[in-house]
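Beneath this line is the structure, given in structure tokens, with notes to follow.
The values are calculated or read from the model by the stated rules, or taken from the named source; none is laboratory data. What you are looking at is a predicted structure, and each value in this text was computed from that prediction instead of being measured. No Cβ is skipped: glycine too gets one built from the backbone with ideal geometry, and neighbour counts run over all protein chains shown. Side chains are part of the model used for accessible areas, which takes the heavy atoms of the whole protein and leaves out ligands, DNA and RNA. Shrake-Rupley method; radii C 1.70, N 1.55, O 1.52, S 1.80 Å.
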Amino acid sequence: MTILVTGGAGFIGGNFVLDWIATTGEPVVNLDKLTYAGNLETLKSLDGDARHTFVQGDICDRALIDSLFATHKPRAIVHFAAESHVDRSIHGPGEFVRTNVEGTFTLLEAARAYWNGLEGEAKSGFRFHHVSTDEVYGSLGPNDPPFTETNTYEPNSPYSASKAASDHLVRAWHHTYGLPVTTSNCSNNYGPYHFPEKLIPLMIANALAGKPLPIYGDGQQIRDWLYVTDHCSAIRTILAKGKVGEVYNVGGWNEKPNIDIVKTIIALLDELKPSPEGSYARLITYVTDRPGHDRRYAIDARKIERELGWKPAETFETGIRKTVQWYLDNQPWVQNVLSGAYRDWVAKNYGDRVVA
């Protein structure tokens, strides 16, 4: 028994691979292109472990995908691989369309061909699980109810539009061809091994380096925060018990404004790694908001709890403390990620923004 994971060297995918092998012991074939956010150091603990087979490659490479199916005969595919940073999608949307839309199409077609060749329990038990985002639903007003699985898709960025397109392809391949798929739409993940361009790891890294903590606009954009290992357990639950063709929203029940997230991180760093120059709050810097910035996301995760019995184990308070402590304890990993390419990206994205 083997599963195929795409994007398994990225943040969520890497955590999933580690969690899957530790929890189930089932082997994983891990396909990742190793773009800027892919990091094999995340998987260093699996070096020499026969249960983990890493393959560097592109999900748009149909011949490669076909060969992986033929060689390893996975019982399921868990599709994480995606371009996922909104700011990057604004600067370069083409790569998002290629990876998120064309790549998902390639995987679906390869999976369909493989699945059609299976028989009996191997065919009935096969699953294609697609990992998506709450951003496909658009933005919520301050008093709107959280997103449910039946919300209309209203993506507002090139990133979310490309993910919405991939969601629709997965749905269509099920309804048209019968491919046994499931989809999960998750809220903002956080936790260990997060590439430091996203809010939480960026704030931790910049604070420790004495750099400004850039806050978009007024900092009142609200997100629902999900600890990454809770997300991993949700996907395991969906693979084990999810109904074919269904969509499950996965959230942490932790709606927080961005400025509150930053202040929580500051309080933890002031406690765990105090600066001789005083509170890290001195580094907060408000910058011009990004184009089309959605004001609020929130996930209604009652369906997966009601139907599959899953709910998050971490509160935001427990998860964020674990996260900050992990970054403090794993500075070599962080420093190796902070390459010249990463610094160039931060300069490009924040350097031309006027400080409010």
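Name all residues of the stretch 26-62 having a backbone nitrogen under 15 Å from the label point set 7 Å from the Cα of Ala240 along its Cα→Cβ direction, giving them as ranges.
Under 15 Å, as judged by backbone N against the label point of Ala240, lie 26 of the stretch 26-62.
Would you mind counting up the charge near Trp225? Only other residues with Cβ under 12 Å from its Cβ, with Lys and Arg at +1 and Asp and Glu at -1.
Residues close to Trp225 contribute a combined charge of -4.
Quick check: at a probe of 1.4 Å, how many percent of the accessible area of the chain sits on carbon and sulfur atoms?
Of the solvent-accessible surface of the chain, carbon and sulfur hold 52 percent.
Residues of the stretch 138-284: accessible area per residue at 1.4 Å, in Å²?
38
When the chain is fully extended, how far beyond the present Cα-Cα distance does Asp66 get from Arg302, taking 0.36 nm per residue of separation?
Stretched fully, the Asp66-Arg302 segment lengthens by 81.3 nm.
What's the center-to-center distance, using Cα atoms, between the stretch 300-322 and the stretch 82-97 in Å?
28
I'd like the per residue volume of the convex hull spanned by the Cα atoms of the stretch 110-257, given in cubic angstrom.
Enclosed volume per residue, from the Cα hull, is 138 Å³.
May I ask for the equivalent-ellipsoid semi-axes of the stretch 1-118, computed as the square root of five times each C-alpha gyration tensor eigenvalue and listed largest first in whole Å?
They are 22, 19, 10 Å, listed from largest to smallest.
Which of the trypsin sites (Lys or Arg not before Pro) found in the stretch 204-277 are loop residues per DSSP with 15 or fewer other Cβ atoms within 10 Å of their Cβ?
When the trypsin sites (Lys or Arg not before Pro) of the stretch 204-277 are filtered for loop state and at most 15 Cβ neighbours within 10 Å, Lys243 remain.
If a paramagnetic tag sat 7 Å from the Cα of Arg171 along the Cα-Cβ line, which residues of the stretch 237-266 would have the backbone N under 14 Å from that point?
Backbone N within reach: 245-249.
Go ahead and collect, in residue order, the members of the stretch 100-123 whose backbone nitrogen is under 18 Å from a label point 7 Å along the Cα-Cβ direction of Lys73.
Those under the cut-off are 111-123.
Counting only Cα, what are the radius of gyration and maximum Cα-Cα distance Dmax of the chain, in Å?
19.9, 67
Would you kindly state how much longer the chain becomes between Ala113 and Tyr36 on full extension, computed as 0.36 nm times their sequence separation minus their alpha carbon distance, in nm to one decimal?
Stretched fully, the Ala113-Tyr36 segment lengthens by 24.6 nm.
Report the extension gain between Lys123 and Ser275 in nm, rounded to one decimal, defined as 0.36 nm multiplied by the number of residues separating them, less their alpha carbon distance.
48.9 nm
If you average the C-alpha positions of the stretch 18-53 and of the stretch 177-256 separately, how far apart do those two centres end up, in angstrom?
What the calculation gives is 19 Å, centre to centre.
Which of the GluC sites (Glu not before Pro) across the stretch 68-175 are loop residues per DSSP, with 11 or fewer other Cβ within 10 Å?
Those satisfying the criteria are Glu119.
For the chain, what is the calculated [θ] at 222 nm in deg cm²/dmol (nearest 500), taking -39500 (n - 2.57) for each run of four or more DSSP H residues and dividing by its residue count?
The helix-only estimate for the chain comes to -13000 deg cm²/dmol at 222 nm.
Cross-link list Lys44/Lys73; Lys44/Lys163; Lys241/Lys273; Lys44/Lys123: which exceed 31 angstrom alpha carbon to alpha carbon?
Lys241/Lys273; Lys44/Lys123
Please report, in whole Å, how far the alpha carbons of the stretch 57-100 spread along each principal axis, starting with the longest.
For the stretch 57-100, the Cα extents along the three principal axes come out at 38, 18, 12 Å.
For the chain, find the longest principal axis of its Cα atoms and tell me its angle to the long axis of helix 103-116, 0 to 90°, nearest 10.
30
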